[in-house]
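Everything below concerns the one structure shown next.
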């Protein structure tokens, strides 16, 4: 079973390459979520990471939010094993709890002030023969509708959620979120470069309706294929060479 690791400034991600990978857009999303929460002025205490994988987002969040206690939920067993190992070897092992269970089965003991998720992207599309890849990259185990229901159930009044989605779902997300009384406050359209169309959407919202939604754009690279200032500003505290 091939394995590899990704070295960040303050932690390392070990992973089984046959199941899932650390991607640039996931790193960007994790950095944005962690920074936005840290600078929000809210008290960040009890946090939920749905579909934690091998732990990237939870580790990035813990690095920036020193008072956060994080429950990281992951159903795929190999990813959960490696996520637990990554948490245990990090400086924040006492603040991150990995729960190897389907989010639909997680007992709602308390509400969370912050919930974030990088969910399966490829709902209703052709799947791989590899079951673990399907869980990591498709939504056979958890549809977007079920994810939003789980978030709505567990988010405290006035709490904040963050979700990373493919851009192709842009036209349907408002109605999907509103169905679960979740309201989008900010939408960032992410493109590979300034020459490309958006391919991801980073969303921030709450269960309290807001007056307006902000929409911004962020490119990973400029037209010279160099990281943009916006990307560098978000990732400089994580990447070893940036």
Within region 156-168, how many residues turn out to be under 17 Å from residue 217 (Cβ atoms) and surrounded by 14 or more Cβ atoms within 10 Å (Cβ to Cβ)?
4
Restricting attention to region 169-179, and to residues there that are modelled with pLDDT under 95 and over 20 Å from residue 211 (Cβ atoms), which single residue is surrounded by the fewest Cβ atoms within 10 Å (Cβ to Cβ)?
171
When you scan region 180-200, do you find a residue that is assigned to a helix (DSSP H, G or I), in contact with a helix residue (DSSP H, G or I) (Cβ under 9 Å, 6 or more places away or on another chain), surrounded by fewer than 14 Cβ atoms within 10 Å (Cβ to Cβ) and modelled with pLDDT of 95 or more, even just one?
no
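Select from region 207-227 the residues that are in contact (Cβ under 8 Å) with a residue 24 or more places away in the chain and surrounded by fewer than 17 Cβ atoms within 10 Å (Cβ to Cβ) and list them in ascending order.
208, 209, 210, 213, 214, 215, 216, 217, 222, 223, 225
Residues in region 103-134 that are touching a helix residue (DSSP H, G or I) at 6+ places or on another chain (Cβ under 8 Å), in a loop (DSSP other than H, G, I, E, B) and modelled with pLDDT of 50 or more: how many? Give the steps one after another, and end with the answer.
The initial filter retains those residues of region 103-134 that are touching a helix residue (DSSP H, G or I) at 6+ places or on another chain (Cβ under 8 Å), namely 103-104, 106, 108, 111-112, 114-123, 127-128, 132.
Among the residues that remain, those that are also in a loop (DSSP other than H, G, I, E, B) are: 106, 108, 111, 118-123, 127-128.
Going one step further and asking which of them are modelled with pLDDT of 50 or more, we end up with 106, 108, 111, 118-121.
The number of residues fulfilling the criteria is 7.
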Quick one: residue 16 ticks every box in (1) more than 30 Å from residue 193 (Cα to Cα); (2) surrounded by fewer than 21 Cβ atoms within 10 Å (Cβ to Cβ) except a single one, so which number is it?
(1)
For the subset of region 201-221 comprising residues that are touching a strand residue (DSSP E or B) at 6+ places or on another chain (Cβ under 9 Å) and part of a loop (DSSP other than H, G, I, E, B), which member is farthest from residue 161 (Cα to Cα)?
212
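Every residue, every condition in (1) in a loop (DSSP other than H, G, I, E, B); (2) under 19 Å from residue 204 (Cα atoms); (3) in contact with a strand residue (DSSP E or B) (Cβ under 6 Å, 6 or more places away or on another chain), yes or no:
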position: 34; (1), (2), (3): no, yes, no
position: 42; (1), (2), (3): yes, yes, no
position: 48; (1), (2), (3): no, yes, yes
position: 57; (1), (2), (3): no, yes, yes
position: 75; (1), (2), (3): yes, no, no
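The values are calculated or read from the model by the stated rules, or taken from the named source; none is laboratory data. Note that the structure is predicted; figures quoted are calculated from it, not measured. In this analysis, Cβ positions are derived from the backbone assuming ideal geometry, glycine residues included, and neighbour counts consider all displayed protein chains.
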